[in-house]
Amino acid sequence: MPPLLRGAAVLRSGGTALPPTLPVKQPVKRKRGEGQWKLGYREPLNPNERSKRDDDGLNVRARIENIYAKRGFDSIDPADLRGRFRWWGLYTQRKAGIDGGRTAALEPEELEDRYFMLRVRIDGGALSTDQLRVVGEISQDHARDTADITDRQNIQYHWVEIEDVPAIWQKLEAVGLRTTEACGDTPRVILGSPVAGIAADEVLDGDPAVREILDRYIGSPEFSNLPRKFKTAISGLQDIAHEVNDVSFVGVEHPEHGPGFDLWVGGGLSTNPKLAQRLGAWVPLADVPEVWAGVVSIFRDYGYRRLRHRARLKFLVADWGAEEFRRVLEEEYLGRKLADGPAPAIPELTIDHVGVHKQKDGLNYVGAAPASGRVSGSTLVALAKAAETAGSQRVRLTPYQKVLVLDVPDENVESLSAELAGLGLQVDPSPWRRSTMACTGIEFCKLAIVETKERAIRLVEDLEQRLADVSPDVPISIHLNGCPNACARTQVADIGLKGQIVTDADGNQVEGFQVHLGGGLGLDAGFGRKLRGLKVTSAELGEYVERVVRRFVEQRTDGERFAQWVLRAEEADLK
């Protein structure tokens, strides 16, 4: 019965009349805030936000130098150890002997060792030979001769003790290097073209913008508390994996204004991958730092801080869309319109700079492939000496875990190439060594489930034998990652291998990989195809890759790339 008739019904039945009952008004369900500062949500919403509110991560350096390095590991405040240390490039490394099946089951303090990974940020991958020598010597003196080249142009040490950190900083800073904001919720290392300023085919040299951003903003409290990490790429060439960075500036020629940069935002991988979106805006070189600061400011002010797994810029860009993001950037942060601009032409192949190439000044740069980025301090010291012997004083690291020696005269190319090969740095590598990358893996990473570095090295050696008779004609990239976080860009590899525990033919739980096929950047920008149940044990990797590559070679049409073939291939041919 309708509420307004209830009183009359009671009266007719001889009872006492009650006042009419009005409809109950339901409360308006308000959308939960996402922790966006600009919208008034300043109260910390998770432990990470509370820790950053309590103390800026940049401040921990003084405690490291004055307290922890003097009193030792046991004196370190847990909030600093597992949080603020990252603002200075420090993570505790994984304790030896803990298998991957226990990674998610243990608390951080159970997984971590008393040693650290220390990341040296090398913006644009640019090193003088003097700097490279110091980086290598630090490894020899303080990191058990460990050194890995990452796919973000950094160098990572392992086995570092807290007592040695101040001395390491002193040595790095004496040659103009640092670890500031190499990790943490900060603007991480800026990817730049390793051939900036020397490549004959670059649209323009983006290195001045990289240097200005580094000098003005890195280590500044203005951007030292972001919702999550923030990744930047700036290049006059498409050699920086721009589609998977938070912000990228990609060289393009404007028909009216000349050379400048095309602006992209919102890329990122991990467990919820998204490719960056073009804003359709053209940015001149001189304006790149200002526009960069505007994009970072949007992230700081509007980024989602409530849930950490949704805190990357890519989620905000996905919700707003490119048009709204550009409007907010122009109206609220720049105070002016950006010029519309064309999209850059997409290169046919990945630009990894391996091999011998002419510079625009007539000299040469020589690009070499380590084994999945794994080098050593001794290798780096020897590389510095080899470069200088060849007449060079400049070395570059690439976003594909490779190393270049710049400014080599013609007459020294052959001898340098031979010397690099003797160091395990191959100038003319097999296609498998050239196109294989791997993350840190279970050897040192607390998040990892499987071994990756040594597995990748052994896989390359295996494929060089198995496929010695096969010339795929096009590069086939293989990226190995120890967990779902995609530090080695698994989703955008031809063959992406995501580490997990799998069941072998005998029913045993062993290390293995979920397989992603046909991902890519550039012409094939997109994420790999996942087939239901397609998992491979580590022991079966060589056999599996050989099987898939041979089917591709047999079935491909003229000029067809691996990613194109994967899209049309039958599932049975991909297993």
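The values are calculated or read from the model by the stated rules, or taken from the named source; none is laboratory data. Treat the numbers as computed from the prediction; the structure is a model and nothing was measured. Positions of Cβ are backbone-derived with ideal geometry, glycine not excepted, and every protein chain shown enters the neighbour counts. Keep in mind that these areas ignore ligands, DNA and RNA; they rest on the heavy atoms of the full protein, side chains included. Shrake-Rupley method; radii C 1.70, N 1.55, O 1.52, S 1.80 Å.
Using 7 Å Cα-to-Cβ label points, what is the residue 309/residue 67 separation (nm, one decimal)?
Inter-label distance under the simple model: 3.3 nm.
Under a cut-off of 12 Å between alpha-carbon atoms, report the aspartates and glutamates in cross-link reach of residue 52, not counting same-chain residues fewer than 8 places apart.
Straight-line reach from residue 52, under 12 Å: 43, 80, 185.
State, as an integer percentage, the relative contact order of the chain based on alpha-carbon contacts under 8 Å between residues 6 or more apart.
Numbers: 1248 pairs, mean separation 71.0, N = 575.
Across the chain, relative contact order equals 12 percent.
Of the options 149, 176, 66, report the single residue whose Cα projects farthest towards the positive end of the charge dipole of the stretch 66-189 (beta-carbon charges: Lys, Arg +1; Asp, Glu -1).
Most positive-ward Cα: 176.
First check a/c for the stretch 210-297, with a ≥ b ≥ c the square roots of the eigenvalues of its C-alpha gyration tensor; if it is under 1.5, answer rounded, and if not, answer prolate when a/b is larger than b/c or oblate otherwise.
Working: a/c = 2.07, a/b = 1.20, b/c = 1.73.
Since a/c reaches 1.5 but b/c is at least a/b, the shape of the stretch 210-297 is classed as oblate.
Considering the options 98, 127, 117, tell which one lies farthest towards the positive end of the dipole of the stretch 93-137, charges being +1 on Lys and Arg and -1 on Asp and Glu at the Cβ, about the Cα centre.
Value computed over the given set: 127.
As a test question: what accessible area, to the nearest 10 Å², does residue 483 have when a 1.4 Å probe is rolled over all protein chains in place?
Per-residue accessible area (residue 483): approximately 10 Å².
Please list, in order, the residues from the stretch 75-113 whose amide nitrogen is less than 15 Å from a point placed 7 Å along the Cα→Cβ vector of residue 458.
So the set is 100.
Using alpha-carbon pairs under 8 Å, 6+ residues apart, how would you state the relative contact order of the stretch 294-410 in percent? Display every interim value, and only then the final one.
Numbers: 112 pairs, mean separation 22.9, N = 117.
Rounded, it is 20 percent for the stretch 294-410.
What accessible area per residue comes out for the chain, rounded to a whole number of Å², with a 1.4 Å probe? Working shown, then result.
Working: 24240 Å² over 575 residues.
Ligands and nucleic acids excluded, the figure is 42 Å² per residue.
Given a 1.4 Å probe and heavy atoms of the protein chains only, how would you sort 270, 372, largest accessible area at the top?
On the way: 270 35, 372 5 Å².
Sorted descending by solvent-accessible area, the residues read 270, 372.
So which GluC sites (Glu not before Pro) in the stretch 304-379 are both in a DSSP loop and have at most 14 other Cβ atoms within 10 Å of their Cβ?
On the way: sites: 323, 324, 330, 331, 332, 348; in loops: 348.
Filter output for the stretch 304-379: 348.
Zone of residue 32 (label point 7 Å along Cα→Cβ, backbone N under 15 Å): which residues in the stretch 309-345?
Inside the label zone: 309-311.
Once Cα Rg over 2.2 N^0.38 Å is worked out from the coordinates, which option in (1) 0.93; (2) 0.98; (3) 1.08 does it equal?
From the options (1) 0.93; (2) 0.98; (3) 1.08, the structure gives (3).
Please find the FRET efficiency linking residue 109 to residue 59, where r is the Cβ-Cβ separation and R0 is fixed at 22 Å, and quote it to the nearest 0.05.
Working: r = 23 Å, r/R0 = 1.04.
E(calc), rounded to 0.05, equals 0.45.
Within the stretch 234-255, which residues have the backbone N less than 14 Å from the label spot 7 Å out from residue 343 along Cα→beta-carbon, could you tell me?
243
How many angstrom lie between the C-alpha centres of the stretch 409-476 and the stretch 288-306?
Centre-to-centre (Cα) distance: 37 Å.
Return, in residue-number order, each cysteine of the chain whose C-beta is not under 4.7 Å from any other cysteine's C-beta.
Among the cysteines of the chain, those whose Cβ sits 4.7 Å or more from every other are 183, 445, 483.
Any idea what the dipole of the chain comes to, in debye rounded to 20, about its Cα centre with Lys/Arg Cβ at +1 and Asp/Glu Cβ at -1?
Numbers: 76 positive and 84 negative charges, 680 e Å.
The dipole of the chain has a size of about 3260 debye.
Quick one: with all protein chains in place, what share of the accessible area of the chain is carbon or sulfur, to the nearest percent (1.4 Å probe)?
Details: 11740 of 24240 Å².
That share works out to 48 percent.
Roughly speaking, what is the centre-to-centre gap between the stretch 56-127 and the stretch 501-557 when only Cα atoms are used, to the nearest Å?
34 Å
Suppose every Lys and Arg Cβ carries +1 and every Asp and Glu Cβ carries -1, with no other charges. What dipole size does the stretch 462-575 come out with about its Cα centre, to the nearest 20 debye? Spell out each step's value before the answer.
On the way: 14 positive and 18 negative charges, 103 e Å.
Dipole size: approximately 500 debye.
Setting aside same-chain residues fewer than 8 positions from residue 95, which lysines have a Cα under 26 Å from its Cα?
70, 229, 446, 453, 498
Do you know the relative contact order of the stretch 175-262, to the nearest whole percent, from alpha carbon pairs under 8 angstrom that are 6+ apart?
Working: 152 pairs, mean separation 27.0, N = 88.
It rounds to 31 percent for the stretch 175-262.
Say each of residue 216 and residue 557 gets a label point 7 Å from the Cα, pointing the same way as Cα to Cβ; how far apart are those two points in nm?
Once both label points are built, they end up 4.9 nm from each other.
Efficiency by 1/(1 + (r/R0)^6): what FRET value for residue 253 and residue 327, r their Cβ-Cβ distance, R0 = 25 Å, to the nearest 0.05? Can you show the working numbers first?
Working: r = 26 Å, r/R0 = 1.03.
So, using R0 = 25 Å, E works out to roughly 0.45.
What is the gain in length, in nm to one decimal, between residue 389 and residue 504 on full extension, counting 0.36 nm per residue of separation less the C-alpha to C-alpha distance? It would help to have the intermediate numbers written out before the result.
Details: separation 115, 0.36 × 115 = 41.40 nm, distance 5.09 nm.
Full extension of this stretch gives 36.3 nm more.
What's the magnitude of the charge dipole for the stretch 235-336 around its Cα centre, counting Lys and Arg as +1 and Asp and Glu as -1 at the beta-carbon? Answer in Debye, nearest 20. Walk me through the numbers on the way to the answer.
Numbers: 12 positive and 15 negative charges, 150 e Å.
Magnitude of the dipole: close to 720 debye.
Using label points projected 7 Å from each Cα along Cα→Cβ, tell me how many nm separate residue 318 and residue 568, to one decimal.
About 3.1 nm separates the two model spin labels.
So for 357, 516, 257, what's the accessible-area order with a 1.4 Å probe, most first? Don't skip to the end; give the middle numbers.
Numbers: 357 60, 516 15, 257 95 Å².
Result of the area sort, largest leading: 257, 357, 516.
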